[in-house]
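Take a look at the structure set out below.
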Amino acid sequence: MMNNKINVFTYGSLMDNKKRTFILNKYIEGIKDKLIDYDIKDHSMCNFPTIYPKKGKIVNGIVFKVDQLELMILDRYENNLYDKIEIKTQNNLNCLVYIEKNEVLK
């Protein structure tokens, strides 16, 4: 059986190895990467960051691979204040990233 892994780019609390391990109940290695032409700002509804398109800016983060079940766990962790979009990182990886719901509509 094939185990398809999904790349997730994170720029906030999930960059922390201990936090990521606690949420996913196992350690998953993350590799440093960047989003080009994005910036970070405070989420409008909570005390966490979000990203938005901004020419000339860079967001530092990490990419890690998850399976479908782990992605569902992350969805629950990020709750209904975030949506996932697909982006391409500086290292040319297609990744999912969590972004404020309102930003997706803009």
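Given points 7 Å out from each Cα along the Cα-Cβ axis, report the TYR52 to ASN102 separation in nanometres with one decimal.
0.8 nm
Give the long-range amide H neighbours of HIS43: residues separated by 5 or more places, or on another chain, with amide H under 5 Å away, using H modelled in the peptide plane at 1.01 Å from N.
It is PHE48, THR50, by chain and number.
Of the listed peptides 34-40, 52-58, what is their order by residue-averaged count of other C-beta atoms within 10 Å, with the highest listed first? The partial results should precede the final answer.
Working: 34-40: 16.4, 52-58: 12.0.
Peptide ranking by packing, descending: 34-40, 52-58.
With Cβ to Cβ distances under 13 Å as the rule, what net charge do the other residues near ILE36 carry (K, R +1; D, E -1)? Kindly include the intermediate steps, with their values, before the conclusion.
Values: positive: LYS34, LYS54, LYS55, LYS57, LYS88; negative: ASP33, ASP37, ASP39.
So the surrounding residues net to +2.
Any idea what Rg and Dmax come out to for the chain if you just take the C-alpha atoms, in Å?
Expressed in Å, the Cα Rg and Dmax of the chain come to 13.2, 43.
Rounded to the nearest 500 deg cm²/dmol, what is the calculated helix-only ellipticity per residue at 222 nm for the chain, with -39500 (n - 2.57) per DSSP H run of length n ≥ 4?
Result for the chain, helices only: -6000 deg cm²/dmol.
Return the Cα extents of the range 1-46 along principal axes one, two and three, sorted largest first, each rounded to a whole Å.
Taking the Cα atoms of the range 1-46, the three principal extents are 40, 24, 20 Å.
Every number in this text was worked out from the coordinates using simple rules, so none of it is lab data. These numbers come from a predicted model, not from an experiment. FYI the Cβ positions are ideal-geometry reconstructions off the backbone, even for glycines, and counts take in every protein chain you see.
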